[in-house]
Amino acid sequence: MSFRFHVHRDKPAYRLVIAEGAPFPAEANEDDWRFTLARERADTAPDVAKRVDETGYCLFKIGLSFDEIV
């Protein structure tokens, strides 16, 4: 299985990962996201792959600050 990685067009710190061949999440507008790359499961972080398996997608943000998690 492989995974498709997308970056948000207006908020590029946000990333969305879905399984290859899976539908785009209903909560998201596909036009707001740009496909960046595909990775095999072996090249994808296990927690990302698990989240996709469980929910159909993994959404995360690059560059969090510690202030955001306090």
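The values are calculated or read from the model by the stated rules, or taken from the named source; none is laboratory data. No experiment lies behind these values; they were computed from the predicted model shown. Cβ sites come from the backbone with ideal geometry, for glycine too, and all protein chains shown count toward neighbours. Remember, those area values only see protein heavy atoms, side chains included, never the ligands or the DNA or RNA. Shrake-Rupley method; radii C 1.70, N 1.55, O 1.52, S 1.80 Å.
Quick notes
- Rolling a 1.4 Å probe over the heavy atoms of the protein chains gives the chain an accessible area of 72 Å² per residue.
- Accessible carbon and sulfur surface of the chain relative to its total accessible area, %, 1.4 Å: 51 percent
- Charged-residue dipole, Cβ positions (Lys, Arg, Asp, Glu), the chain about Cα centre, Debye nearest 20: 180 debye
- Fully extended contour minus Cα-Cα distance, from residue 11 to residue 24, at 0.36 nm per residue: 2.9 nm
- Ordered from longest to shortest, the equivalent ellipsoid semi-axes for the chain are 19, 16, 11 Å, each the square root of 5 times a Cα gyration tensor eigenvalue.
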